[in-house]
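So the structure is just underneath, and the comments pick up after that.
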Amino acid sequence: MSAAPAYYLPAGLPRPVAEPDGLDAPYWEGTRRHELRVQRCRSCQGWQWGPEWICHRCLGFDLDWVSVEPRGRIYSWERAWHPVHPALRGRGPYIVALVELPHAGNIRMIGNLLGDPMQTVTIGAPVEAVFEPHDDAPAPFTLVHWRTQA
Amino acid sequence: MRNEIPQSERSDMTRTIRGRVAIAGIGETTYYKHGQAPEPEVKLALRAILSACADAGIEPRAIDGFASYSNDRNEPSRLAAALGLPELRFSNMQWGGGGGGGSAAVGNAAAAIAAGYADCVVVFRALAQGQFQRFGSAPPAATASGEAALTFPYGLISPAQRFAMKVMRFLHDHGIGGGAQRAIALASYHHAQNNPRAVMHGRPLTPEGYDESRWIVEPFRLFDCCMENDGAAALVLVSAERARDLRQRPAYLLGVAQGSEYRNAARGHNAPTYASASFTTVAPRLWAMAGLAPKDVSVVQSYENFTGGVLMSLIEHDFFTAEEANDVLTLENLTAPHGRLPLNTSGGNLAECYMHGLELQIEAVRQLRGQSSNPVPGARAAMVISGPMVTPVSSMIVGTEEML
């Protein structure tokens, strides 16, 4: 009898690294502390995700990184069957969810939807984040998954 | 769905390519299954270019410009040297991946001719995927950064996976069932059975065959996804005046538009208009330049990366509303010669060849000449829609002399 897999998807998929210019480093550093950090403009208070060097609303460069409550609702989803990467061969279907954060300007986050891969997924359903640390990776990182709220 | 164009922009008819440039020649290699081309990619490109020149009845050394898209690996300077061109006057690459640049490359070539930068511009695309990386499998990298860091670690890697959630949301928002995507796939396969050039010629698809095919990523089954192929295709563009003296009936450009809507490329699937084929701003500009409406278009070639992208493309070009999709998208309606909206009449990316969509421009020209293997009687205007869901996308309308 084998232990339950430690990770939702098998090891061997490309590992996330911060961009060489440092743009998204605060996000990835935050996930290591189980914090969901996104950009917010200090000038116009607009939310921004994914990250950019400038605020798309007011064109200011004074962007802050703020922690947001790691919950949202399902905006869209997909169930992937065909293994497009060698690490996924034999894994079977898995679910990717696009999650909208209404309390942060309706920015959207991508992650896997944990639980039964054949579950019925409902657009609009509330979800909460689940942090998945990969401490054994050459450069440790943490992924952010989602699960439906009871 | 339609965004209105300000009257001030509509009335400026000096800034248009309408009727000024024509596609005078079309050429292509044999189309192969991916990895099976017997020749290197650049040689395929050269063959397609010479074939298009022969079709037009022009001497290859009359070429003085090239336009392509999706980072085609075959640079104009190399082609010009290989072909011994006396002078290279225009070299253009449309930014952006996928097939979104197919019609834009034609528009860029036409603009160069209209502006006097060049006189005879070839639009081309060549692919030999045995020689190079496939599109539908993950690049061999241990790490991912930028946009890829937000998606690859979650198994969101391939183009099908990248676009499935757009389509899933659109189908959900408008109550569109699986039959709509199926009809688009069946139409391409149906048309390919009459097209001896088609890779899927002799391989018909039944509704049952579609329904029983495996999921690639929901909501896409195997037959909702394009093939990957090897080959090359080319178009020769010249001024309308010059085209009238050449061998073939000219296919005049009536309009071309390219681009995408507000913040389409916002990272991590944050485009405000998410459930879109990216044409909500492009399509109205195309109609405005052409001075036409959907009823004027006889036949549509709409790039199938995935059938759901075709569905949204047709809606964004106002052929029908999202609420009508379940009723309009039937095999009968989409089939030449007498369907309401004959679609992808060569077999397209699904069943003729994934020539990154440039086979669609060739088929549009064939329709106007009466040379299609699935002719639409009396076709006078044909639309090509390039590369849904990427950014930038593009679309174009060609017409016969009567449409000028």
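Every number in this text was worked out from the coordinates using simple rules, so none of it is lab data. Treat the numbers as computed from the prediction; the structure is a model and nothing was measured. Don't worry about glycine lacking a Cβ; one is built from the backbone with ideal geometry, like all the others, and counts go over all protein chains shown.
Details
- 3J(HN,Hα) from dihedral phi, region B:202-215, Karplus parametrisation 6.51/-1.76/1.60, rounded to Hz, x for glycine, proline: x, 10, x, 10, 9, x, 5, x, 5, 4, 8, 6, 6, 6
- Taking GluC sites (Glu not before Pro) across region A:1-55, none is in a DSSP loop with at most 11 further Cβ atoms lying within 10 angstrom of its Cβ.
- Of the chymotrypsin sites (Phe, Trp or Tyr not before Pro) found in region B:117-150, those in coil by DSSP whose Cβ has at most 16 other Cβ atoms within 10 Å are B:Tyr117, B:Phe132.
- Among B:Ser137, B:Ser77, the ranking by other beta carbons within 10 Å of each residue's beta carbon, starting with the fewest, stands as B:Ser77, B:Ser137.
- Test item: B:139-145 mean partner chain Cβ contacts at 10 Å: 5
- A:Arg32-B:Asp318 FRET efficiency (beta carbon distance; Förster radius 51 Å; 0.05 resolution): 0.55
- A full extension of the chain between B:Arg15 and B:Asp173 corresponds to an added length of 53.1 nm, given 0.36 nm per residue minus the alpha carbon distance.
- Of the DSSP H helices in chain B, those whose Cα atoms cover at least 18 Å axially and whose Kyte score averages 0.5 or more: B:41-56, B:102-115
- Relative contact order %, chain A, counting alpha carbon pairs below 8 Å whose residues are six or more apart: 21 percent
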